[in-house]
Amino acid sequence: MTALLQVDDLCKRYERFALKNVGFEVKAGRIVGLVGKNGAGKTTALKCLLHFLEPDAGHVQVLGQDFFANETALKQRVGAVLGGAEFYPLKRLRTIAAVTRRFYSCWDEAAYQRCLARFELDESKRFQELSSGMKVKYLLTLALSHQARLFVLDEPTSGLDPVSRAELLELFRALAKSGAGILFSTHITSDLDRAADDIVYLRRGQVVKSAPKEEFCRAFSKGGSALSLEEILLRAERKEAPLELPV
Ligand code: ADP
């Protein structure tokens, strides 16, 4: 089966940080958690693969096609929610939707209205009047309104209250069940315990391991008792006697 998203050898160098040969895939029906501590390079990786940032090198395929060569067409099929998107802060939601609608040939007004109702969002509000959780919900509403097959979300659950977080993860499950692929970054391991099928662990700009969740936990627990994701990440990141990383 062709992956919905295939990332190979993605590189991006800043003065004091480098993303090095990052590669992983997102298959249809799978929820992939991109995990790593602050500064590991999660946002940089997501921005590079979505071409919001220009990578120095690397290949990205969406639905089996070269993403950078067919960006305009393929972006129709990608729902992206990047944190801190403070676009149009003074505009009302209905104006933002009117602008967004024009970019997507597959805009689904009924889906948009359903999402607004589901998230209890008031279209007459200005974007900057929304709480951070509501901002995420609104960005997600836009992403869910153009029949995307692949969703790429940067820390979508941060800023959400526990009930909204659980609802969002449930929504991810429903999307995956319908055949979508979801890639989301987080440093909240309980989100991964609850929702992720696959884990991509990024550390200092490099993928340490990318595997189905159970295999990921097994790989780090070799020889000892089974470790939870939280324990694995805590131990792998500690300065003294860090957990040995599987090769
Ligand atoms: P994460 O999302 O995992 O917290 P980021 O991708 O935001 O990590 O950041 C990774 C590293 O890249 C950090 O050290 C950050 O300071 C650095 N970085 C991010 N953006 C820039 C930039 N525009 N110029 C220089 N360094 C940057």
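The values are calculated or read from the model by the stated rules, or taken from the named source; none is laboratory data. What you are looking at is a predicted structure, and each value in this text was computed from that prediction instead of being measured. Cβ coordinates were reconstructed from backbone atoms using ideal geometry, including for glycine residues, and neighbour counts include every protein chain displayed. Protein only, heavy atoms only, side chains kept; ligands, DNA and RNA dropped before computing areas. Shrake-Rupley method; radii C 1.70, N 1.55, O 1.52, S 1.80 Å.
Looking at region 68-75, is at least one residue at pLDDT 95 or above, outside any loop (DSSP other than H, G, I, E, B) and either within 16 Å of the ligand (Cβ to nearest atom) or open to solvent by 50 Å² or more (accessible area, probe 1.4 Å) (or both)? No. Among the residues of region 1-60, those that are in a loop (DSSP other than H, G, I, E, B) and small (G, A, S) comprise A3, A28, G29, G36, G39, A40, G41. Scanning region 116-134 for residues that are open to solvent by 40 Å² or more (accessible area, probe 1.4 Å) and assigned to a helix (DSSP H, G or I) gives A117, R118, Q128, E129, S132, M134.
Among the candidates L50, L34, L63, L46, the residue that is closer than 26 Å to M1 by Cβ and open to solvent by 20 Å² or more (accessible area, probe 1.4 Å) is uniquely L63. Return the residue satisfying two criteria in turn: it lies in region 158-175 and is away from the ligand (no atom under 16 Å from the Cβ) and under 13 Å from the mean Cα position of the chain (by Cα), and of such residues it is modelled with the lowest pLDDT. Among those residues, the one meeting the criterion is L168. Against the criterion of being closer than 23 Å to L233 by Cα, modelled with pLDDT under 90, within 13 Å of the chain's Cα centre (by Cα) and hydroxyl-bearing (S, T, Y), S185 does not qualify.
Taking the criterion of being open to solvent by 10 Å² or more (accessible area, probe 1.4 Å) and away from the ligand (no atom under 16 Å from the Cβ), the residues of region 139-157 that qualify are L139, L142, L144, Q147, A148, R149.
Evaluated against (1) within 24 Å of S178 (Cβ to Cβ); (2) away from the ligand (no atom under 16 Å from the Cβ); (3) without any contact (Cβ under 8 Å) to a residue 60 or more places away in the chain, V136 falls short on exactly one condition, (2). Considering V35, V62, V26, the condition of being more than 14 Å from the ligand (Cβ to nearest atom) and under 23 Å from E170 (Cβ atoms) is satisfied by V26 alone.
The number of residues in region 193-212 being closer than 16 Å to I31 by Cα, touching a residue at least 40 places away in the same chain (Cβ under 8 Å) and either outside any strand (DSSP E or B) or in contact with a Cys (Cβ under 6 Å, 6 or more places away or on another chain) (or both) comes to 3. The number of residues in region 199-216 that are surrounded by fewer than 23 Cβ atoms within 10 Å (Cβ to Cβ) and either within 22 Å of R118 (Cβ to Cβ) or away from the ligand (no atom under 15 Å from the Cβ) (or both) comes to 7.
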